[in-house]
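The structure appears below as structure tokens.
The values are calculated or read from the model by the stated rules, or taken from the named source; none is laboratory data. Since the structure is predicted, the reported quantities are computational estimates derived from the model, not experimental observations. FYI the Cβ positions are ideal-geometry reconstructions off the backbone, even for glycines, and counts take in every protein chain you see. These area figures cover heavy atoms from the full protein model, side chains too; ligands, DNA and RNA do not enter into them. Shrake-Rupley method; radii C 1.70, N 1.55, O 1.52, S 1.80 Å.
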Amino acid sequence: MTRLLSRRWWLALAAALALAPLPASAQNKVLLRVSTPAVADDWHGKMWTVFKEALEKSAPGEFDVQVNLNAALFKQGAEPAAMARGNLELAAISAFDIAKLVPEFSIFTSGYVIRDPAHLQKVFNGPIGDEMFKLVADKMDVTVLSPIYLGTRQVTLRDQRPVKTPADLKGVKLRMPASKEWLFLGEALGASATPLAFGEVYLGLKTGTIDGQDNPLPTVRAAKFYEVTKQIVLTQHLVDGIFIAVSNKAWKAMSPAQQQKVKAAAQAAARFNDENRLKEEGQLVDFFKQQGLTVTTPDVEAFRRTVQQAYAASEYGKSWPKGLLDRIGAVK
Ligand code: KDO
């Protein structure tokens, strides 16, 4: 009798537990953790709020989007490995991060390959993008949801100096993000490339452990690098695209309807970033001049020639699929 009662008691308890509403946090929400080194005031930091809000609207209560800015969750460049380990679902990964695992992609780390933001969009939203993102999905186990425009990278210096050609950057300690693919670009520009995480650049410029850095103008504004910079050299050396990507583990666990909503939210975030960034990029030279900075235009052709030659002769140039450089150039 006692045994019977206790069995019934357990069955009743199990049924009650199955029916009881779970607290909101424990419900079956799809967890989407985002990690980015972007600062809150940068468009590609703000775009993640657009992403989150778009999903809250299209799929109320279905997703738990957790945005971590300032590399608070994973350090810059560590995102793809975290995604592979299942510790991170979403990030905007750079061509440089991709090139480590997909050598063919290093074509987009080379200076002076992509001409301008419109060219960037056409290349990545066409057949070349499809082919390259397929390689990324196969080799990195992530799905690219949308390319975004990070901006056109320029060199900024803490002290003024005449810079016309790459030879004028000789001996300049130019900070680059910490990977050999980035350092190669800095060296190709003629400088002494010095690795440093994004979060340490402001202090490096202020204290003089570095002489300069390279970034798109909207980032120079958002991260306040202009406060510790005297000169901007408009080298225009890299029209920089980064890629909103989701880990395949998270992607495959979603229903087709959820996938469609996540992709739409990523595209809305990308549109927000691209529109604002482009607009601001066009206005910033005036702003920096008002802040007392000198803005100079070098011999861009000389930089183009030197950088292109360096890549062509490098291990990177040799890993580019035959004909791809010409195909990219032919996209109009
Ligand atoms: C940078 O460290 O210079 C860089 O611009 C590299 C980009 O790939 C990207 O990581 C970016 O920083 C961060 O998102 C911060 O803006």
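With bins 20 Å wide beginning at 0, the percent of Cα pairs of the chain falling in each bin runs 30, 52, 13, 5, 1.
The heavy atoms of GLU53 offer some 110 square angstrom of accessible surface to a 1.4 angstrom probe.
Approximating the spin labels as points 7 Å out from Cα along Cα→Cβ, the LYS57-to-ALA312 distance works out to 4.9 nm. Which lysines, on any chain, are close to LYS261 with Cα under 22 Å apart, when same-chain ones fewer than 8 places away are left out? Cα-Cα hits under 22 Å: LYS29, LYS46, LYS52, LYS57, LYS134, LYS249, LYS252. Across all Cα pairs in the range 27-73, the calculated P(r) in 10 Å bins from zero up to the longest distance comes to 28, 50, 21, 1 percent per bin.
Annotation: amide H-H contacts under 5 Å for VAL102 (H modelled 1.01 Å from N, sequence separation of 5 or more, or interchain): none. FRET efficiency for the pair LYS206 and GLU131, taken as 1/(1 + (r/R0)^6) with r the Cβ-Cβ distance and R0 = 51 Å, rounds to 0.70. Could you name the aspartates and glutamates in cross-link range of LYS206, using Cα to Cα under 19 Å and dropping any fewer than eight places away on the same chain? Straight-distance partners of LYS206: ASP159, ASP214, GLU227.
If you roll a 1.4 angstrom probe over the protein chains with everything in place, what fraction of the accessible area of the range 26-330 belongs to carbon and sulfur, to the nearest %?
Numbers: 6800 of 12910 Å².
Roughly 53 percent, rounded to a whole number.
Averaging the inverse of every distinct alpha carbon separation and then flipping it gives the Kirkwood radius. What is it for the range 200-332, in angstrom units? For the range 200-332, inverting the mean 1/r across all distinct Cα pairs yields 18.5 Å.
Taking amide H positions as modeled 1.01 Å from N, with prolines and chain starts lacking one, the residues under 5 Å from ASP64 and 5 or more places away or on another chain are VAL30, LEU31, LEU32. The value of relative contact order for the chain, using C-alpha pairs under 8 Å at least six residues apart, is 25 percent.
Only Lys, Arg, Asp and Glu carry charge here, each on its Cβ (+1 for the first two, -1 for the last two); on that basis the range 94-244 has a dipole of about 560 debye about its Cα centre. Placing +1 on the Cβ of every Lys and Arg and -1 on the Cβ of every Asp and Glu, with nothing else charged, gives the chain a dipole about its Cα centre of roughly 780 debye.
If you wrap the Cα atoms of the range 234-282 in a convex hull and average its projected area over all directions, you get 4.3 nm². Per-residue SASA remark: ARG85, around 150 Å² accessible (1.4 Å probe; ligands, DNA and RNA not included).
Where only DSSP H runs of four or more residues are counted, the chain gives -14500 deg cm²/dmol as its mean residue ellipticity at 222 nm, each run worth -39500 (n - 2.57). For the chain, the solvent-accessible area with a 1.4 angstrom probe is 47 square angstrom per residue. Less than 16 Å apart at the alpha-carbon level, and either on another chain or at least 8 residues along: which lysines does that give for LYS289? Correct list for LYS289: LYS224, LYS230. Taking the square roots of five times each eigenvalue of the Cα gyration tensor of the range 125-202, the equivalent ellipsoid has semi-axes of 32, 14, 12 Å, listed largest first.
Could you work out the relative contact order of the range 62-165, using alpha carbon pairs under 8 angstrom and six or more residues apart, expressed as a whole percent?
19
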